[in-house]
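So the structure is just underneath, and the comments pick up after that.
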Amino acid sequence: MTDTLTIARPDDWHLHFRDGELLAETVPATANVFGRAIGVPNLTPPVNTVAQADEYRQRILAQVPAGVTFEPLMVLYLTDTTPVEEVERAAKSDFVHAFKLYPAGATTNSDSGVTDPGKITHLYAAMEKHDVPLLVHGEVTDADIDIFDREKVFIDRYLNDIRRQFPGLRIVFEHVTTSEGVNFVREASELTAATVTPQHLLMNRNDLLVGGVRPHNYCLPILKRRQHQETIQKAVLEGHERFFLGTDSAPHARNKKEAACGCAGCYSARAALPLYASFLEQHNALDKLEGFASHF
């Protein structure tokens, strides 16, 4: 039995670097493992423009360890007032690679997000025209919708229509958590994909709630039932090429996690690749790691 496994250098297609002093921790943690990474734009204030993305990119690059080659892939934050011209500028940029759709209030620093994803179709049209991908946090935020149902309702209310109206738009369903989300990707065209986090692959809501509340397992979208976890696992184990690595690594100060009202997010940058590999090894599927982490 071999003690080593060699794969092409992996990429992380969804993570949170944060900003300021945290970059000294988060950037090396990722750059020492991954060759490229999507750094999402939900800062305070959010990264809305190509110019802001360039400034953020320079702050990230300043923390890359000496001798390490790493490329941060920048993303812009969609709002109700994002101009079509910004999509055009993003398309011409060599460092902005996508736009991120956060429904307002869905997760950390999403208050400036889109209030109605059905009312920015002009932006989807521009992204389709200029071949700029749309990254989606797929949850509704209605107060009367159960937190465990938010992803399913988002698909039914918005995502099916977006996919149908804009068949040439590249869509990534980030951190997929439900059977409905997996099936949406499976049934859609080759321009539709999903990222899979370590926590949603390895855990379900029992790991959050049984035997006590475990705040370090709390993330958004929230962990779901075992049946949803198993559907995600099946897609990864079969090596489906439109399900790939995106850690959603999201650091918070410990006192903000272990609190009466704790923050959502699992910081996994240093441990993510071994976690994925361990899961695949346990299921005699290590041959699927390189595709999932490095190629898809």
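The values are calculated or read from the model by the stated rules, or taken from the named source; none is laboratory data. Everything numeric in this text was worked out from a predicted model, so none of it was measured. Heads up, the Cβs are rebuilt from the backbone with ideal geometry, glycines too, and the neighbour counts pull from every protein chain shown.
Picking from residues in segment 93-132 that are acidic (Asp, Glu) and over 13 Å from ILE171 (Cβ atoms), the one that is surrounded by the most Cβ atoms within 10 Å (Cβ to Cβ) is ASP111.
Here SER249 meets the list (1) closer than 21 Å to VAL27 by Cα; (2) buried (at least 17 other Cβ atoms within 10 Å of the Cβ); (3) touching a helix residue (DSSP H, G or I) at 6+ places or on another chain (Cβ under 6 Å) almost entirely, failing just condition (3). Checking each residue in segment 269-296 for being touching a residue at least 60 places away in the same chain (Cβ under 8 Å), farther than 14 Å from PRO198 by Cα, part of a helix (DSSP H, G or I) and within 21 Å of the chain's Cα centre (by Cα) picks out GLU290, SER294, HIS295.
Within segment 171-216, being of a type outside the set (Gly, Ala, Ser) and either surrounded by fewer than 16 Cβ atoms within 10 Å (Cβ to Cβ) or in contact with a Cys (Cβ under 7 Å, 6 or more places away or on another chain) (or both) holds for ASN183, ARG186, GLU187, GLU190, GLN199, ASN206, ASP207, LEU209, VAL210, VAL213, ARG214, HIS216. If you go through segment 182-215 and keep only what is of a type outside the set (A, V, I, L, M) and in a loop (DSSP other than H, G, I, E, B), you end up with SER189, GLU190, THR197, ASN204, ARG205, GLY211, GLY212, ARG214. Scanning segment 14-52 for residues that are in contact with a Phe, Trp or Tyr (Cβ under 8 Å, 6 or more places away or on another chain) and among the aromatic types (Phe, Trp, Tyr) yields a single hit, PHE34.
Matching residues to (1) in contact with a Ser or Thr (Cβ under 9 Å, 6 or more places away or on another chain); (2) hydrophobic (A, V, I, L, M, F, W, C); (3) within 21 Å of ILE38 (Cβ to Cβ):
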{"site": "THR197", "(1), (2), (3)": "yes, no, yes"}
{"site": "LYS224", "(1), (2), (3)": "yes, no, no"}
{"site": "GLN229", "(1), (2), (3)": "yes, no, no"}
{"site": "ALA235", "(1), (2), (3)": "no, yes, yes"}
{"site": "PHE243", "(1), (2), (3)": "yes, yes, yes"}
{"site": "GLY246", "(1), (2), (3)": "yes, no, yes"}
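Criterion first (surrounded by fewer than 20 Cβ atoms within 10 Å (Cβ to Cβ), outside any helix (DSSP H, G or I) and at pLDDT 95 or above) does GLN63 satisfy it? Explain how you work it out, then say what you get.
Working: surrounded by fewer than 20 Cβ atoms within 10 Å (Cβ to Cβ): yes; outside any helix (DSSP H, G or I): yes; at pLDDT 95 or above: yes.
Answer is yes for this residue.
Residue count for segment 41-60 satisfying the condition of being surrounded by fewer than 14 Cβ atoms within 10 Å (Cβ to Cβ) and under 28 Å from PHE296 (Cβ atoms): 0. Only residues that are modelled with pLDDT under 95 and of a type in the set (D, E, K, R) were counted across segment 76-134, and they come to 1. The residues of segment 216-232 that are touching a Leu at 6+ places or on another chain (Cβ under 9 Å), part of a helix (DSSP H, G or I) and either over 19 Å from ASP146 (Cα atoms) or touching a residue at least 40 places away in the same chain (Cβ under 8 Å) (or both), listed by number, are ASN217, ILE232. With respect to PRO83, determine if the residue is surrounded by 17 or more Cβ atoms within 10 Å (Cβ to Cβ) and either under 19 Å from the mean Cα position of the chain (by Cα) or not polar (S, T, N, Q) (or both). Against the criterion (surrounded by 17 or more Cβ atoms within 10 Å (Cβ to Cβ) and either under 19 Å from the mean Cα position of the chain (by Cα) or not polar (S, T, N, Q) (or both)), PRO83 does not qualify. In the set (1) closer than 22 Å to PRO28 by Cα; (2) in a loop (DSSP other than H, G, I, E, B), the condition left unmet by ALA260 is number (1). The residue that is surrounded by the most Cβ atoms within 10 Å (Cβ to Cβ), among those in segment 23-40 that are under 19 Å from the mean Cα position of the chain (by Cα), over 13 Å from ASP248 (Cβ atoms) and aliphatic (A, V, I, L, M), is VAL27.
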